[in-house]
Amino acid sequence: MSDLVLSRPNLKVNFLLKALSLSSVILIGYLHFIVGPSLEFHLFFLIPIIVASWFTSALFCCFILVLAILSWTIGDYLIAHNNIDLFSFLFNSTVHALILAYITYLLRYIRRLLIRESQLAREDSLTKIPNRRSFYENGEIAFSTGHRQRLPITIVFIDVDSFKSINDTYGHKIGDKLLFEAAQVMNENVRKNDVIGRLGGDEFCLVLLNADREHARMYAINLKNKLSERMLKHKWQTTFSMGIVTYAVTPPDFLRTIEDSR
């Protein structure tokens, strides 16, 4: 549910939300002018501002904010222009504008914090690639797609050889840096639809969608060479072990397949 609330809507929904926000501001401003001071419509300006702040771009959000402020201010002026105190009008209009602007800023700030928190919950703090939880979530999606379209799929397990001795010899700081560099190499060499994750310790896993046995073999050779190049760059005498399992047709059960492949 939280992902649905925080994710950006698709183009069609985005267009509808923008149209709703724009028409709402115009309608509320018109009703405010027609009804006059007898009924309070100011609070309803928050509805399009909330929608625009949460779901649309910063530029469109600012546009809706300015339009709401102008509708509110012009409506107040037209209602009371025959009996208006200029200082009071300007002061009140400024306060109204600041309130709406602050609410807009607060909503967008909260949304950014929630997105960052959601990202951190799915990101391995050391290597900055998806953690075990995120890997399993993304893996389920990849397997569902592959099974539905009857695509081949390959699972690659990667371990750092003798990682404990690396930590004992060079220290945990070097060991952590080694894991980070290895993870970056893997992350740089996956396609958009592939899945990568750190399962824990020095164990990583890749899910290569639509990768048959030959493609998986060539990919593993290339990745191993890239990993070796990065290790040599830092003068680390380190090698990697890979376990590769390829399925001609993606199985239906991701969790069971992962456990059976290990």
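The values are calculated or read from the model by the stated rules, or taken from the named source; none is laboratory data. Note that the coordinates shown come from a computational prediction; the quantities given were computed from them, not determined experimentally. When we count neighbours, we look across all protein chains shown, and the Cβ atoms used for this are built from the backbone with ideal geometry, even at glycine. Surface accessibility is based on the protein's heavy atoms, side chains included, excluding ligands, DNA and RNA. Shrake-Rupley method; radii C 1.70, N 1.55, O 1.52, S 1.80 Å.
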The correct count of residues that are among the hydrophobic types (A, V, I, L, M, F, W, C) and open to solvent by 50 Å² or more (accessible area, probe 1.4 Å) in segment 36-57 is 6
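For every residue, the table says whether it meets (1) out of contact with any strand residue (DSSP E or B) (no Cβ under 8 Å at 6 or more places or on another chain); (2) free of Cβ contacts under 8 Å to residues at least 24 places away in the same chain; (3) assigned to a helix (DSSP H, G or I).
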position: 78; (1), (2), (3): yes, no, yes
position: 88; (1), (2), (3): yes, yes, yes
position: 91; (1), (2), (3): yes, yes, yes
position: 127; (1), (2), (3): no, no, no
position: 137; (1), (2), (3): yes, yes, yes
Residue hits (segment 214-240; of a type in the set (Ser, Thr, Tyr) and more than 19 Å from residue 161 (Cβ to Cβ)) are 219
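Residues checked against (1) modelled with pLDDT of 95 or more; (2) under 25 Å from the mean Cα position of the chain (by Cα):
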{"residue": "149", "(1), (2)": "yes, no"}
{"residue": "154", "(1), (2)": "yes, no"}
{"residue": "183", "(1), (2)": "yes, yes"}
{"residue": "213", "(1), (2)": "no, no"}
{"residue": "234", "(1), (2)": "no, no"}
{"residue": "250", "(1), (2)": "yes, no"}
Quick check on segment 70-88. Is at least one of its residues surrounded by 15 or more Cβ atoms within 10 Å (Cβ to Cβ) and within 23 Å of residue 16 (Cα to Cα)? yes
Scan segment 32-42 residue by residue and report those that are over 16 Å from residue 22 (Cα atoms) and in a helix (DSSP H, G or I). 33, 34, 35, 36, 37, 38
On the given criteria, is residue 65 farther than 30 Å from residue 194 by Cα and in contact with a Ser or Thr (Cβ under 7 Å, 6 or more places away or on another chain)? yes
Members of segment 89-101 that are closer than 23 Å to residue 50 by Cβ, surrounded by 11 or more Cβ atoms within 10 Å (Cβ to Cβ) and among the aliphatic types (A, V, I, L, M): 97, 98, 99, 100, 101
Could you say whether any residue in segment 102-122 is in contact with a Ser or Thr (Cβ under 9 Å, 6 or more places away or on another chain), assigned to a loop (DSSP other than H, G, I, E, B) and open to solvent by less than 90 Å² (accessible area, probe 1.4 Å)? yes
List the pairs whose first member sits in segment 7-31 and is farther than 19 Å from residue 71 by Cβ, whose second member is modelled with pLDDT under 95, and whose Cβ atoms are under 7 Å apart, counting only residues at least 6 apart or on separate chains? 9/17; 9/55; 14/56
Strands (runs of 3 or more DSSP E) wholly in segment 147-262 with at least 3 residues that are open to solvent by less than 10 Å² (accessible area, probe 1.4 Å), free of Cβ contacts under 8 Å to residues at least 12 places away in the same chain and under 21 Å from residue 135 (Cα atoms) - which ones? none
